[in-house]
Amino acid sequence: MSANLTPPADLDVRALRDLCEQLAREAGALIVDGRPDDLGVASTKSSATDVVTVMDQRSQDLVRERLAAARPRDAFYGEEEGGASGESGLTWVVDPIDGTVNYLYGLPAYSVSVAAVIGDPATDGAWRPVAGAVVNPVSGECYVAALGEGATLQVGDAPRRTLRVAEPESLGQTLVATGFGYEAGRRRWQAAILAEVLGDVRDIRRLGSAALDLCRVADGTVDAFYERGLNAWDLAAGWLVVTEAGGVVDDGTGADPRTAMVLAAAPRTHAALGARLRSAIAVVGEGD
Ligand code: IPD
């Protein structure tokens, strides 16, 4: 972790976490309420994707409006149009719909991810999250974390549960989540890496929302997650949920997670899968 990313002593990370949760829940309700029931069978694909784009933007605009009122001195960095600089040193990093393809098809595995970070989220390795929330508005899962305060999961109105990563006995018993980018060359590289690794792990899951994949590492419903090509908004809240649940999140070599690779798991699993991924990359090539 970079030395200059120490949060100010008076930063109220619990209050930030609670605001992350409130915003992610509110945006989550918006995207569910605003999704037409027949979206997946719309007459043309482009009209369906237009709805998704509009809902992405509306979700982000809602979060931004709330933050402009509640935290006017902070910066904003989201997946959709409309960033803003700030003067407090804190930036809100938002994925208004993570898992947009699932959202398009009505697969109930999409989320809203809201995080407060220090540093510069547009630069790999130059930022870290201090509070975050990931909400799946269909399942009612709400994952939250604050730096030094642990990570919890609440499902619907059930009591919050403190999260702890699972440590399987061996790589061969490790259930690994991963994902694929949108660009064809990147996907081919990812598939080649996966083909190398697949024989050495319990199985693979491609669930379709990186933010939720990370949270699933934290709650032990998968053992590990890796992916090349994530952006800060896919990663910011889930990164903290995993580390506050006792997991390790980095780029597979000990440096902060970055576009080139994000690897998340309990410590021993992280080391074993990291080594296996490095040997796969040695065979397949570095890719782009
Ligand atoms: C995508 C999802 C997916 C991951 C992709 C991301 P989006 O985010 O998180 O699981 O594999 O790399 O781009 O586009 O749905 O916000």
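The values are calculated or read from the model by the stated rules, or taken from the named source; none is laboratory data. Quick caveat: nothing in here was measured; it's all calculated off a predicted structure. Cβ: placed from backbone, ideal geometry, glycine included. Neighbour counts: every protein chain shown. When the accessible area is computed, the model is the full protein with side chains, heavy atoms only, and any ligands, DNA or RNA have been set aside. Shrake-Rupley method; radii C 1.70, N 1.55, O 1.52, S 1.80 Å.
Quick one: how many residues across region 266-288 are in contact with a Phe, Trp or Tyr (Cβ under 7 Å, 6 or more places away or on another chain) and among the small types (G, A, S)?
Qualifying residue count for the region: 1.
Would region 189-209 turn up any residue that is of a type in the set (S, T, N, Q) and touching a strand residue (DSSP E or B) at 6+ places or on another chain (Cβ under 7 Å)? Outline the logic, then answer.
Going through region 189-209, the residues of a type in the set (S, T, N, Q) turn out to be 190, 209.
Those left that are additionally touching a strand residue (DSSP E or B) at 6+ places or on another chain (Cβ under 7 Å): 209.
Yes: one or more hits.
Regarding S209, is this residue touching a Gly at 6+ places or on another chain (Cβ under 8 Å) and either open to solvent by 10 Å² or more (accessible area, probe 1.4 Å) or not aromatic (F, W, Y) (or both)?
Judged against the criteria, S209 is a match.
Which residue pairs have Cβ atoms under 9 Å apart, sit 6 or more places apart or on different chains, and have a first residue in region 130-144 that is touching a residue at least 60 places away in the same chain (Cβ under 8 Å) and farther than 16 Å from R14 by Cβ and a second that is assigned to a strand (DSSP E or B) and among the aromatic types (F, W, Y)?
Correct list of pairs: V134/Y143; V135/Y143; N136/Y143.
For region 156-179, give me each residue that is in contact with a Lys or Arg (Cβ under 8 Å, 6 or more places away or on another chain) and open to solvent by 50 Å² or more (accessible area, probe 1.4 Å).
Passing the criteria: E167, Q173.
With L5, L19, L39 as the choices, which residue is modelled with pLDDT of 95 or more and hydrophobic (A, V, I, L, M, F, W, C)?
After applying the criteria, what remains is L19.
For region 136-148, name all the residues that are within 17 Å of T221 (Cβ to Cβ), open to solvent by 10 Å² or more (accessible area, probe 1.4 Å) and not small (G, A, S).
Those that are within 17 Å of T221 (Cβ to Cβ), open to solvent by 10 Å² or more (accessible area, probe 1.4 Å) and not small (G, A, S): V138, E141.
Working only within region 81-120, note down all residues that are open to solvent by 40 Å² or more (accessible area, probe 1.4 Å) and either on the phi < 0 side of the Ramachandran plot or not in a loop (DSSP other than H, G, I, E, B) (or both).
E81, G83, S85, G86, E87, S88, V101, Y105, L107, P108, D120
Residue check, G125 against (1) over 21 Å from L104 (Cβ atoms); (2) within 16 Å of the ligand (Cβ to nearest atom); (3) open to solvent by less than 20 Å² (accessible area, probe 1.4 Å), all met but one. Which one?
Of everything listed in (1) over 21 Å from L104 (Cβ atoms); (2) within 16 Å of the ligand (Cβ to nearest atom); (3) open to solvent by less than 20 Å² (accessible area, probe 1.4 Å), G125 misses just condition (2).
Give the residues of region 85-114 that are within 14 Å of the ligand (Cβ to nearest atom), among the aliphatic types (A, V, I, L, M) and in contact with a strand residue (DSSP E or B) (Cβ under 6 Å, 6 or more places away or on another chain), sorted by residue number.
Once the filter is applied, which keeps residues that are within 14 Å of the ligand (Cβ to nearest atom), among the aliphatic types (A, V, I, L, M) and in contact with a strand residue (DSSP E or B) (Cβ under 6 Å, 6 or more places away or on another chain), region 85-114 yields V93, V94, V112, V114.
Could we say that T221 is of a type in the set (S, T, Y), surrounded by fewer than 23 Cβ atoms within 10 Å (Cβ to Cβ), under 14 Å from the mean Cα position of the chain (by Cα) and within 22 Å of E141 (Cα to Cα) here?
Taking the combined requirement at face value, the residue does not satisfy it.
Among the helices (runs of 4 or more DSSP H) lying completely within region 154-272, list those that include at least 3 residues that are within 21 Å of G132 (Cα to Cα) and within 14 Å of the ligand (Cβ to nearest atom).
210-219, 232-244
For L67, only one of the following conditions fails: (1) modelled with pLDDT of 95 or more; (2) in a helix (DSSP H, G or I); (3) surrounded by fewer than 20 Cβ atoms within 10 Å (Cβ to Cβ). What is its number?
Going through the list (1) modelled with pLDDT of 95 or more; (2) in a helix (DSSP H, G or I); (3) surrounded by fewer than 20 Cβ atoms within 10 Å (Cβ to Cβ), L67 breaks only (3).
Count, please, the residues in region 44-86 that happen to be in contact (Cβ under 8 Å) with a residue 40 or more places away in the chain and closer than 18 Å to A115 by Cβ.
Of the residues in region 44-86, 11 are in contact (Cβ under 8 Å) with a residue 40 or more places away in the chain and closer than 18 Å to A115 by Cβ.
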